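Every read-out reported here was derived from the displayed coordinates using simple, explicitly stated rules and does not represent laboratory data. Here the structure is a predicted model, which is why all the values come from computation and not from measurement. Please note: Cβ atoms are built from the backbone with ideal geometry, for glycine as well, and neighbour counts cover all protein chains shown.
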């Protein structure tokens, strides 16, 4: 919103989007069927880490627009679930189809894709990959890889993702460490988390308005303080390097998440 000369107050275009409005049907313990509007499950960041009360850093990864559509969401149908394939690991999967929609706030591209992952229970490690085929425009294929590691011996959370498309490719890796095991000031620092992220983006064969126009590198470091469950203060600094010039990126945020019950829960028997 900006203040226009000769007009009182602030004016501008208000952007509205619907991230999800879906109907879920639990077909069996291993499959859930969803129809409607849902976050596109390409990679892990858009679907699992995008909300501000979950993400460790305020800024989006450079490769986030790859594979998620014009508004981060799909309009169509999705099958998802998981099962225990071996005593040592579980398998999770997602298959989806999105229809073309140009109506705001439910715009989406036409594509089909899937994601699969293996979770190694003892190592607390998940490895997976994503695939998507565009059914419009250049009708190309998109690929992605992801990894999440949370070792039991350390309050450490390591996330990483790679994505490739004709409009660009790149990766990011993000470790986050909670200061709950320091020998000194353990009680005072147990709510503090240190975060860092290194990422690179490489331009592709085709241009994209949502992605950087040149090859870009960026490093970010930040600190999160959790006052309580649902209340978090964040601050981070980043430095971006590209042929267009080097930039400093600062961000600060205060996140409060609340839940309002719609009624009394019944007894579970």
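Label-to-label distance, residue 125 versus residue 17, with points set 7 angstrom from Cα along the beta-carbon direction: 3.4 nm.
Comparing Cα centroids, segment 37-57 and segment 160-236 end up 13 angstrom apart. The tail of the calculated P(r) for the chain, taken as Cα-Cα distances beyond 31 Å, holds 36 percent of the pairs.
Please work out whether segment 86-141 counts as rounded, prolate or oblate from its C-alpha gyration tensor, where a ≥ b ≥ c are the square roots of the eigenvalues and a/c under 1.5 means rounded, while otherwise a/b larger than b/c means prolate and anything else oblate? Prolate, because a/c is 1.5 or more and a/b exceeds b/c. By its C-alpha gyration tensor, with a ≥ b ≥ c as the square roots of the eigenvalues, how is segment 204-269 shaped: rounded for a/c under 1.5, else prolate for a/b larger than b/c, else oblate? Oblate, because a/c is 1.5 or more while a/b does not exceed b/c. Helical runs (DSSP H, four residues minimum) scored at -39500 (n - 2.57) apiece and divided by the length of the chain put the mean residue ellipticity at 222 nm at 0 deg cm²/dmol.
In this structure, residue 35 and residue 60 have a Cβ-Cβ separation that, at R0 = 30 Å, corresponds to a calculated FRET efficiency of about 0.65. I need the Debye-formula profile for segment 166-226: one equal scatterer per C-alpha, no solvent, reported as log10 I(q)/I(0) at q = 0.17 1/Å, two decimals. Results for segment 166-226 at q = 0.17 Å⁻¹ read -0.65. Value of Rg to Rh for segment 119-231, rounded to two decimals, is 1.10; Kirkwood radius and Rg both from alpha-carbon coordinates. Whole-percent P(r), segment 101-181, all Cα pairs, 10 Å bins from 0: 15, 34, 27, 17, 6, 0. Within the listed set 224, 56, 246, the Gaussian network model of the chain (springs between alpha-carbon atoms below 10 Å) gives the highest mean-square fluctuation for 246. When the chain is fully extended, how far beyond the present Cα-Cα distance does residue 251 get from residue 166, taking 0.36 nm per residue of separation? Once the chain is fully extended between residue 251 and residue 166, it gains 27.5 nm.
In a Gaussian network model over the chain where Cα atoms closer than 10 Å are linked, find which of 151, 87, 207 has the largest mean-square fluctuation. Fluctuation is largest for 87.
Across all Cα atoms of segment 17-95, the radius of gyration (one decimal) and Dmax (whole number) stand at 14.1, 42 Å. Largest mean-square fluctuation among 59, 123, 99, in a Gaussian network model of the chain whose springs join Cα atoms under 10 Å apart, belongs to 123. Calculated FRET efficiency, residue 242 to residue 156, Cβ-Cβ distance, R0 = 41 Å: about 0.85 to the nearest 0.05.
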